[in-house]
1. Considering the stretch 120-179 alone, what residues qualify as being surrounded by fewer than 16 Cβ atoms within 10 Å (Cβ to Cβ), among the aliphatic types (A, V, I, L, M) and more than 25 Å from residue 10 (Cα to Cα)?
2. Go through (1) free of Cβ contacts under 8 Å to residues at least 24 places away in the same chain; (2) in a helix (DSSP H, G or I); (3) closer than 30 Å to residue 2 by Cβ; (4) not assigned by TED's automatic domain parsing to the domain that holds residue 20 one by one and return the number of the condition residue 126 breaks.
3. Can you tell which of 72, 36, 60, 49 is in contact with a strand residue (DSSP E or B) (Cβ under 7 Å, 6 or more places away or on another chain) and either in the same structural domain as residue 142 (by TED's automatic domain parsing) or of a type in the set (Gly, Ala, Ser) (or both)?
4. Out of 132, 137, which single residue is farther than 23 Å from residue 1 by Cα, at pLDDT below 85, outside any helix (DSSP H, G or I) and acidic (Asp, Glu)?
5. Quick check on this structure: which one of 105, 121, 132 is without any contact (Cβ under 8 Å) to a residue 24 or more places away in the chain and over 21 Å from the mean Cα position of the chain (by Cα)?
6. State which residue is nearest to residue 20 (Cα to Cα) when the search covers only the stretch 41-63 and only residues that are touching a residue at least 40 places away in the same chain (Cβ under 8 Å) and outside any strand (DSSP E or B).
7. Within the stretch 51-63, is there a residue that is within 25 Å of residue 146 (Cβ to Cβ) and either surrounded by fewer than 18 Cβ atoms within 10 Å (Cβ to Cβ) or at pLDDT 90 or above (or both)?
8. Condition first: part of a loop (DSSP other than H, G, I, E, B), modelled with pLDDT of 95 or more and either touching a Leu at 6+ places or on another chain (Cβ under 9 Å) or β-branched (Val, Ile, Thr) (or both). Can you find one or more residues in the stretch 9-29 that meet it?
Amino acid sequence: MDNIILGLLILESRTIYQLRERISKGMNLMYSNSMGSIQAAIKKLLNHGYISYEENIEDGKYKKIYSITDSGKRYFFEWINTPFDTQNMKNPELVKVYFMGLSDETHRKNNIEKYLSYLAERYHMLETICDEAKKIEVTKENKDIIFYQLATARYGKDFMKFNIEWYKKLIKDMEDEEL
C-alpha cells in the first residue's frame, strides 16, 4: 500500500478520500482499499518523512492534502527500479479448491458460482476502465504513465477472464463427474 500511495502522490497531491477513491478504481485488485489500511500506510509514510500534508479549509470543511517529499520520491524510485518479486505468486482461493473434496458437497458449486459472480463484476469494472482509457487524450508527458497503467488494467482484465473460464470449466468437470 505504501508504494501505491507514493505513486499516486507523485502524480498529484490528494486527500485521503481522493486516494481511496483512486485505489477503488482498479487498484483494489492489487491491494485493499479499506480506509484502515490507507490510514495505516499514511501514518507510516508520515513517520518516515516520505509524505507531508498541508491543512486547508474548503467550504467550511477541514482537509489534509498529502504530497510526496523528496525522500519519498527517492524511496519510491528505488522501489520501482528493483526487479519484480518472483516469490509472491500466491492465489489464496486455490487453497479452497485444493481442499474442496473435504467440504460439504451442497456448497461446492454454489460457492464457486458466487466467486464467479465476483470475478465477473471485477472483469466488467476493468473492461470499463480499459474502454474509458481509450478516450483519454495522451500527451507526450504522460504517454509512458498511461501506457503502463492501461497495461495493468488489461492484465487484470485478462487475469479475470482466465479465472472465469477456469472456474466455469471446474463447474462443468464437477457436473460431468456427478453423471
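1. Within the stretch 120-179, 120, 171, 174, 179 qualify.
2. (1)
3. Working: 36 fails: in contact with a strand residue (DSSP E or B) (Cβ under 7 Å, 6 or more places away or on another chain); 60 fails: in contact with a strand residue (DSSP E or B) (Cβ under 7 Å, 6 or more places away or on another chain); 49 fails: in contact with a strand residue (DSSP E or B) (Cβ under 7 Å, 6 or more places away or on another chain).
Unique residue meeting the criteria: 72.
4. None of the other options fit; the residue is 137.
5. Just a single option satisfies the conditions, and that option is 105.
6. The selected residue is 41.
7. There is at least one residue in the stretch 51-63 that is within 25 Å of residue 146 (Cβ to Cβ) and either surrounded by fewer than 18 Cβ atoms within 10 Å (Cβ to Cβ) or at pLDDT 90 or above (or both).
8. Checking the stretch 9-29: not a single residue is part of a loop (DSSP other than H, G, I, E, B), modelled with pLDDT of 95 or more and either touching a Leu at 6+ places or on another chain (Cβ under 9 Å) or β-branched (Val, Ile, Thr) (or both).
The values are calculated or read from the model by the stated rules, or taken from the named source; none is laboratory data. What you are looking at is a predicted structure, and each value in this text was computed from that prediction instead of being measured. Counting neighbours? That spans all protein chains shown, and the Cβs are built from the backbone with ideal geometry, glycine included.
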